[in-house]
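Notes for the one structure printed next.
The values are calculated or read from the model by the stated rules, or taken from the named source; none is laboratory data. Given the structure is predicted, the values throughout are model-derived calculations rather than measurements. Cβ placement follows ideal geometry from the backbone for every residue including glycine, while neighbour counts extend to all protein chains displayed. Note: accessible area is taken over every heavy atom of the protein model, side chains too, but ligands, DNA and RNA are not part of it. Shrake-Rupley method; radii C 1.70, N 1.55, O 1.52, S 1.80 Å.
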Amino acid sequence: MEEKRTIGPKLNTQLLVEMLGSQILFQLLLHLVCLCHGQRPVFAQQQRWEWVTNEAMYNYSPLLPDGTEITIFLFRDLPQRHYFQVKDKSPFSIRVNPCDAALEWRVSVQEWPTHSTYRSEKLGTLEWEQVTTRDLFSYKGNTAQTFVRASSHSALHNLELLSTERDTQMRVYLTTKPENEPPNPELPFDSRVNVASVGQRTVTLAWKPSPSVLHDEHNIQYCLLVNQKHNYQSLCAAQNQVGLEDGPWPDLPVVTIYSGGQEIHLTRTEDIQLSTSLLSHPVSREAKRDVTQLCVGNRNIYSVLDLQPNSLYYFDVFVVNVLTNTSSAYIGTFAKTLQWPDPDTLDLKEGIMAQVYIRKDGQKFYSFRPKSWHRRVQFTFHSCGKLYVTIERNGKLIVSESTNNLKHFKLKGKANAKYIIGIKSMEASEVLVKILVSTRPNKPLFPRLPDSLKVKSFNRLRTCNSVTLAWLGTSEQNRYCLYKREMEEPTLEVEGKQQNECLGPETRSISENVGCKYFHHLHAQRAVAVQKVTGLKARTTYLFDIYVIGHKGHSVKYQSKVVKTRKAC
């Protein structure tokens, strides 16, 4: 004959008592296991945290404390359920903050009717009737979410957690007084972390101050994370990688309680003498990441020191309320430290001409790093000898060719670019090379040149005391200066070789200057300049040189022209 009993509204209380009884049995089991090994079950927390209140001393339990944030360890693919009781017509708020993995979590309420029965079919077996569970809220993702609701009657609520990615941690905060829930620190409108400067071993960061600092300066501080893997979206996720020991994850699930402005870690293996064989679920662990945490107070400009040269680092800034243990994340950034300069590599400065002599089969290297973002960069090489030029950008070869006289290389700009320029002489003698670099190629530093730099003399117009010369110009108005030098026949070949050196008109004697004039033509095909030189000696050989000078004062020399005047007029 079936035995029936009527269960009243006190069923919630009975269930809680049974759950707490299970917890007591668990503690007794620990006590017996330790006694079998001749050891006392010493709980180090009892000595270490005597000041903690009974409410905060919350060992691993399915019950959620009210008004206290806890950190819970969750195994992959192993659901975990927690409970909390809400009184009649009382609002509540529950916040779940995933640390480093996406979570599935839901809040449900157990509906207990006023009258319900159970029957005992076998000794010690109870079957409940007319008990239903109704889902109130569910979420799947890796961002913090808060669920707020007002309960119409006293009821037992469930929080079910599941991680399908990996073993992870999360923070849970439950309160039946949502109006007193501590808010997260505020972020400024522009919450980006900016890189102010980069060196070989240092990176300086700057960020806008949090408005919360103005209201609570003593309890608000900034914490900075530095690592070489990736940026972190929450301080909770990063703290899993900060200060990890080389051993495995805790043998027991860890509950971290935040109470009284301090964080307390409970149920660790060094506090409870318990064999790992009691756990049936294996614990996985990721490789240790080197994450450095620096709390810098209220400063919003900070220089990170002792970094490795030529290395990529990720930086995250969190504004933390040390009183409520809440934090908000700025938008992180990254930067690569500079490489130590090669002693054989010289730096090029933008807009400043560099002159170098390269001996036979010699080679020189230069480096250039733009100070700011640029659309284009132009490298200019001016030499009268044949050169072989290579240009690398961030280790990738983008230019490799030979050049002579004046050559421009226009390249597309790239953020954080570093250029290495190699120059090798292909002449049998020493060659002077001028190098100029600019990120504003629309403002040329060298004059525009025609297709040919040859100088022509008109034989029919040659007399005993004058010659007539002609050369090509461009549609750009430039200044042209003509120089002459009287030469002896035996030294003609030697003098001609000396003129191959790319020296400007500033190296010439004033007495050799014939004159200067500005010239251009709207049609480049018709831009032909003609100049008659008078006052020459009869039957004398002259060397003529023409220099075109741009707006910035940089000059290019045309090919030298040797002309001999007639014997008699």
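Values computed for the structure shown
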{"quantity": "Most to least packed among 429-435, 88-94 [average Cβ atoms within 10 Å]", "calculated": "429-435, 88-94"}
{"quantity": "Amide H contacts of T326 (H built 1.01 Å from N, under 5 Å, at least 5 apart or other chain)", "calculated": "N321"}
{"quantity": "Largest to smallest accessible area among S152, S402, S383 [probe 1.4 Å]", "calculated": "S152, S402, S383"}
{"quantity": "Cα-based Kirkwood hydrodynamic radius, the range 159-216, one decimal, Å", "calculated": "16.1 Å"}
{"quantity": "Simple spin-label estimate for N394 and S372 in nanometres, 7 Å along Cα-Cβ", "calculated": "2.1 nm"}
{"quantity": "Sparsely packed trypsin sites (Lys or Arg not before Pro) within the range 163-229, loop by DSSP, other Cβ within 10 Å at most 13", "calculated": "K229"}
{"quantity": "With all protein chains modelled, accessible area of T71 [1.4 Å, Å²]", "calculated": "10 Å²"}
{"quantity": "For G362, distant residues with modelled amide H under 5 Å away", "calculated": "S425"}
{"quantity": "Among the listed pairs K443/K532; K517/K561; K349/K434; K532/K567, those beyond 23 Å (Cα-Cα)", "calculated": "K443/K532"}
{"quantity": "Probe 1.4 Å, all protein chains present, accessible-area order of C569, C481, largest first", "calculated": "C569, C481"}
{"quantity": "Label-zone membership for the range 130-164, site K89, 7 angstrom Cα→C-beta point, backbone N under 19 Å", "calculated": "149-156"}
{"quantity": "Protein-only accessible surface order, largest first, of M487, M353, M426 at 1.4 Å", "calculated": "M426, M353, M487"}
{"quantity": "Sequence ranges 299-305, 559-565, ranked by mean other-Cβ count within 10 angstrom, highest first", "calculated": "559-565, 299-305"}
{"quantity": "R539 versus R508: modelled label distance in nm, points set 7 Å from Cα along the beta carbon direction", "calculated": "2.8 nm"}
{"quantity": "Heavy atoms of F519 accessible to a 1.4 Å probe, total area in Å² rounded to 10", "calculated": "40 Å²"}
{"quantity": "Sulfur and carbon atoms: percent of accessible area, the range 319-403 [1.4 Å]", "calculated": "48 percent"}
{"quantity": "Per residue, in Å², the accessible surface of the range 350-463 once ligands and nucleic acids are set aside, probe 1.4 Å", "calculated": "59 Å²"}
{"quantity": "Three-way shape call for the range 298-369 based on the alpha-carbon gyration tensor, with the a/c threshold at 1.5", "calculated": "prolate"}
{"quantity": "Segment E104-K229, length gained on full extension (0.36 nm per residue, minus Cα span)", "calculated": "42.4 nm"}
{"quantity": "Positive minus negative residues near T474 (Lys, Arg vs Asp, Glu; Cβ under 14 Å)", "calculated": "+1"}
{"quantity": "Separation in nanometres of the label points that stand 7 Å from Cα toward Cβ, at A206 and D344", "calculated": "3.9 nm"}
{"quantity": "Solvent-accessible surface (1.4 angstrom probe) belonging to K364, in square angstrom, nearest 10", "calculated": "80 Å²"}
